[in-house]
Amino acid sequence: MNQEQIEELIDRSRQNDTIAFAQLVSEFQTMVFRLAFRLLCNEDETRDMVQEIFVKIWLSLDKYDGRCRFTTWMYKITCNTCYDRLRVLQRSPSAFSSDFAPANEILRFTGDLPPKQKLVFTLRDIEELDVAEVISITGMTAEQIKHNLYQARKQIRAKIHQIETDL
């Protein structure tokens, strides 16, 4: 779907066209799910958050002003929603089931990172977004991103080193 088609669906959705919004959801649901899962590392939790994210997007469409790409704006809503959820889960670990099987080792290693580090690591190293886009999504400064990314990578390297040592 090109940018012009996306803009048309956004305009129609702003006029309460639920079919147009369903097309936006269909187009971007996989992207939102993938990012949310990489942040939350739990499929059930992710499904709940994706529903909440698209409700927020629907309710906030009037706030999208087109200064950034629509996907960047959606990433920001996704990250903020998941980041808030991670902070809640960090305070109440019993609310979060850890009996999931992550798709790969990196997701498992990110599970214990503090929310900010996990967010920055996911956006930069897994989603491969550039620093400017991460700044736009998170509202962090370049220095904060650099620091959180350094700390996240350091912790992940330590975990990998520990596994190698145990072998």
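Tell me the carbon and sulfur percent of the accessible area for the chain, rounded to whole percent, probe radius 1.4 Å.
That fraction is 49 percent.
Under a 10 Å cutoff between Cα atoms, tell me which one of TYR75, TYR150, TYR83 has the largest fluctuation in the Gaussian network model of the chain.
Comparing TYR75, TYR150, TYR83 in the GNM, the peak value goes to TYR150.
On a 0 to 90 degree scale, rounded to 10, what angle separates helix 43-60 from the longest Cα axis of the chain?
It is inclined by approximately 40 degrees.
Per the helix-only calculation at 222 nm, which mean residue ellipticity applies to the chain, given -39500 (n - 2.57) for every DSSP H run of n ≥ 4 and division by its residues, nearest 500 deg cm²/dmol?
-24000 deg cm²/dmol
Roughly speaking, what is the centre-to-centre gap between segment 125-149 and segment 22-47 when only Cα atoms are used, to the nearest Å?
Rounded to whole Å, the Cα centres lie 20 Å apart.
Using only alpha carbons, build the gyration tensor for the chain and give me the equivalent ellipsoid semi-axes, biggest first, whole Å.
Semi-axes from the Cα gyration tensor: 31, 18, 13 Å.
Highest GNM mean-square fluctuation, the chain, Cα pairs closer than 10 Å: which of GLU27, GLU143, GLU133?
So, out of GLU27, GLU143, GLU133, the one fluctuating most is GLU143.
The values are calculated or read from the model by the stated rules, or taken from the named source; none is laboratory data. Remember, it's a predicted structure, so these values are computed and weren't measured experimentally. These accessible areas exclude ligands, DNA and RNA; they are computed on the full protein's heavy atoms, side chains included. Shrake-Rupley method; radii C 1.70, N 1.55, O 1.52, S 1.80 Å.
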